[in-house]
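Every number in this text was worked out from the coordinates using simple rules, so none of it is lab data. Small disclaimer: the values here were computed from a predicted structure and weren't measured. Please note: Cβ atoms are built from the backbone with ideal geometry, for glycine as well, and neighbour counts cover all protein chains shown.
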């Protein structure tokens with residue numbers, strides 16, 4: 001399977017950048033799950049969104065985290 005990343009995408013600087021993004025997403029996921037479990041309503045620009053919206057955001061964020069985890073696995077394969 002051919003990856004859409006090139007060798008140059010696996011630098012230490014890129015790893016640090018992705019690690020920061022991953023940590024932020026992880027914090028966001030924790031907050032989203034807590035809000036969804038409490039059946040909180042979300043307000044964006046004055047518009048009220050139901051709990052189902054929060055669960056969709058949980059799923060979307062979890063998929064983004066999975067993509068980052070795949071990138072970190074490929075980084076390890078290339079550099080170790």
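So the values come out like this:
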| quantity | calculated |
| --- | --- |
| Hydrodynamic radius by Kirkwood, which averages 1/r over all alpha carbon pairs of the chain, in angstrom | 14.4 |
| On Cα atoms only, tilt of 51-79 relative to the major axis of the chain in degrees | 10 |
| Structure-based [θ]222 nm, the chain - -39500 (n - 2.57) summed over DSSP H runs of at least 4, per residue, nearest 500 | -24500 deg cm²/dmol |
| Neighbour-count order for 61, 11, fewest beta carbons within 10 angstrom listed first | 11, 61 |
